[in-house]
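First the structure, in the form of structure tokens, and then the observations on it.
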Amino acid sequence: MAPVTVAPTRDRFLRGGKPFFYLADTAWMAFSNLPEALWTEYVRYRREQGFTALQISILPVNHDTSVAPTNDAPFAPRRGGGWDYGARNGTYFDKAERMVAEAAAAGLVPVLGVLWRNYVPGTRSSTANPVAGPMPFDVMEQYAAHIAQRFRPYEPMFFISGDTLWESEDEPRYYLRALELIRAGCPDALISMHLTPQADLPDQFVDAVDFYLFQSGHGAGRTDLPWRLAEKFAAYRIRRPVINSEPCYEGHGRVSGARQVRGQWTRSEVRAAAWQSLLAGAKAGVTYGGHGVWSFHTREKRFLNDHKYVPMDWWEALRLPGAWDYAYARWLFETFGLADLTPNQNLVTGADPAIRAAASADGGVVAVYLPHAVGVEVDADLSRHRITLLDLERRLPYATDVTVVEGRTRLQLPNTMSDLLLIAVRPG
């Protein structure tokens with residue numbers, strides 16, 4: 001397979017010269033928490049669903065995971081506790097390479113995280129890390145150079161940081177140097193940063209990366225973040241592909257404060273986050289997360305952050321229905337050419353801002369996402385368009401009556417409790 005590249009439009013990807021929709025699964029802890037014998041089943045299932053990429057942290061996210069004695073460690077244990085960062089565990093990295101090779105052979109792009117923030121001095125998660133403290137700078141340089149060379153044959157993409165909040169003065173130094181070493185050792189790979197919802201990308205990283213990742217996250221009170229952050233990153237001074245790389249995970253707790261939750265994120269809410277991101281400017285793709293898959297949790301493991309709810313066992317979470325909704329979103333984007341659209345909220349002026357609209361430059365294609373079956377007027381004459389109205393819960397089309405009054409299109413919405421996607425295409 002060919003490496004992923006940035007298209008000439010600078011807002012999407014190509015692979016082998018053809019459009020590439022980045023549909024990733026969140027598999028942060030695969031190398032450390034998943035037995036290699038089970039990896040084949042996982043890869044096969046996600047490939048059959050239509051996923052195109054897997055986001056994996058090369059090193060364990062030790063402050064936020066499912067732990068058990070069976071977990072694999074990337075470094076030798078230190079006497080008295082912790083890890084000896086100067087003693088890489090070759091068995092761990094050999095396993096990781098075989099898993100990456102298998103995913104790549106199946107056509108899935110490995111998207112590899114280099115340094116989650118718990119490995120950088122001064123971050124809260126490094127001081128609260130129950131396994132090992134921060135990684136020394138010189139050892140980090142050796143590690144980054146090593147993984148660039150090791151994974152280069154499998155045409156990966158990389159994100160340098162994980163859950164970055166810019167809370168430590170060491171973070172820019174660590175991340176920039178790691179980025180330089182990955183770029184030198186794997187020059188064809190596209191590189192980004194994985195940020196927390198609150199974080200911006202400093203100018204030096206805007207210049208250095210190839211695409212933008214943001215996470216709208218799991219916060220109970222911020223269901224507006226999928227479209228607000230998409231708009232923000234799409235408006236950065238250098239145009240690059242934008243992806244919501246961590247929307248709310250299906251089954252994850254709605255986090256409110258340090259140890260409070262307000263129920264779990266549902267399939268419909270997870271689906272809404274995807275469509276609101278995609279139509280608000282983050283149209284290069286989207287990442288799905290199932291609570292249990294990202295940590296490869298099983299019942300005998302202890303989940304460190306049970307305030308998020310203890311996850312389902314990963315093989316059950318793997319089959320949560322929201323993953324199929326994300327695969328359907330990819331199919332619709334590719335079938336109707338929705339990556340060619342530009343956000344256009346003027347089409348639904350005055351409507352609930354959770355309703356998102358986008359259109360082609362000539363108005364020949366219009367898409368509107370409705371999180372609920374509510375009345376809406378589109379500020380365009382769609383009388384000559386072929387209109388498709390889709391129930392996204394059941395993935396079924398509805399027939400709808402259209403009335404045009406003074407250039408505005410009114411739609412007769414069906415009696416359904418599902419969210420809807422309107423796609424209007426003008427023939428010719």
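The values are calculated or read from the model by the stated rules, or taken from the named source; none is laboratory data. Because the structure is predicted, anything quoted here is derived from the model rather than measured. FYI the Cβ positions are ideal-geometry reconstructions off the backbone, even for glycines, and counts take in every protein chain you see. The accessibility values were calculated without ligands, DNA or RNA, using every heavy atom of the protein model including side chains. Shrake-Rupley method; radii C 1.70, N 1.55, O 1.52, S 1.80 Å.
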Item to complete: Return the total of residues in region 328-353 being modelled with pLDDT of 95 or more and assigned to a loop (DSSP other than H, G, I, E, B).
Response: 3
Worksheet item: Which one of these does V111 not meet: (1) in a strand (DSSP E or B); (2) open to solvent by less than 10 Å² (accessible area, probe 1.4 Å); (3) in contact with a Lys or Arg (Cβ under 8 Å, 6 or more places away or on another chain)?
Response: (3)
Practice prompt. Specify the residue that is farthest from F296 (Cα to Cα); the eligible residues are those in region 42-66 that are modelled with pLDDT of 95 or more and hydroxyl-bearing (S, T, Y).
Written response: T52
Response to the item:
Quick count over region 282-318, residues being of a type in the set (G, A, S) and part of a helix (DSSP H, G or I), is 1
Worksheet item: Could you list, in sequence order, the residues of region 148-171 that are in contact with a Phe, Trp or Tyr (Cβ under 8 Å, 6 or more places away or on another chain) and either aromatic (F, W, Y) or assigned to a helix (DSSP H, G or I) (or both)?
Response: R150
Practice prompt. For region 78-94, enumerate the residues that are modelled with pLDDT of 90 or more and outside any helix (DSSP H, G or I).
Written response: W83, D84, Y85, G86, A87, R88, N89
Response to the item:
Note on region 375-426: residues assigned to a loop (DSSP other than H, G, I, E, B), open to solvent by 60 Å² or more (accessible area, probe 1.4 Å) and either touching a helix residue (DSSP H, G or I) at 6+ places or on another chain (Cβ under 9 Å) or not polar (S, T, N, Q) (or both) are G375, D379, D381, R384, E393, R394, R395, A399, D401, E406, M417, R426
Practice prompt. Among residues belonging to region 24-46 that are over 17 Å from R319 (Cβ atoms) and touching a helix residue (DSSP H, G or I) at 6+ places or on another chain (Cβ under 6 Å), point out the one that is most open to solvent (accessible area, probe 1.4 Å).
Written response: E36
Fill in: Test: P60 is touching a helix residue (DSSP H, G or I) at 6+ places or on another chain (Cβ under 7 Å), in a loop (DSSP other than H, G, I, E, B), in contact (Cβ under 8 Å) with a residue 24 or more places away in the chain and not basic (K, R)
yes
Discussion item. Between P110, P69, P153, which is modelled with pLDDT under 95 and out of contact with any Ser or Thr (no Cβ under 8 Å at 6 or more places or on another chain)?
Written reply: P69
Worksheet item: Does region 232-242 contain at least one residue that is within 28 Å of T416 (Cα to Cα) and either open to solvent by less than 10 Å² (accessible area, probe 1.4 Å) or polar (S, T, N, Q) (or both)?
Response: no
Discussion item. Out of everything in region 260-281 that is touching an Asp or Glu at 6+ places or on another chain (Cβ under 9 Å) and in a loop (DSSP other than H, G, I, E, B), what residue ends up being most open to solvent (accessible area, probe 1.4 Å)?
Written reply: T266
Discussion item. Which count do you get for residues in region 282-330 that are among the small types (G, A, S), in contact with a Ser or Thr (Cβ under 8 Å, 6 or more places away or on another chain) and either under 19 Å from S192 (Cβ atoms) or surrounded by fewer than 24 Cβ atoms within 10 Å (Cβ to Cβ) (or both)?
Written reply: 2
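Yes or no, residue by residue, for (1) open to solvent by 40 Å² or more (accessible area, probe 1.4 Å); (2) touching an Asp or Glu at 6+ places or on another chain (Cβ under 7 Å); (3) of a type outside the set (F, W, Y):
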site: T123; (1), (2), (3): no, yes, yes
site: A128; (1), (2), (3): yes, no, yes
site: A132; (1), (2), (3): no, no, yes
site: P136; (1), (2), (3): yes, no, yes
site: V139; (1), (2), (3): no, no, yes
site: Y143; (1), (2), (3): no, no, no
site: Q149; (1), (2), (3): yes, no, yes
site: Y154; (1), (2), (3): yes, no, no
site: M157; (1), (2), (3): no, no, yes
Worksheet item: Here is a list of conditions, (1) more than 29 Å from T287 (Cα to Cα); (2) surrounded by 14 or more Cβ atoms within 10 Å (Cβ to Cβ), and A106 meets all of them except one; can you say which number that is?
Response: (1)
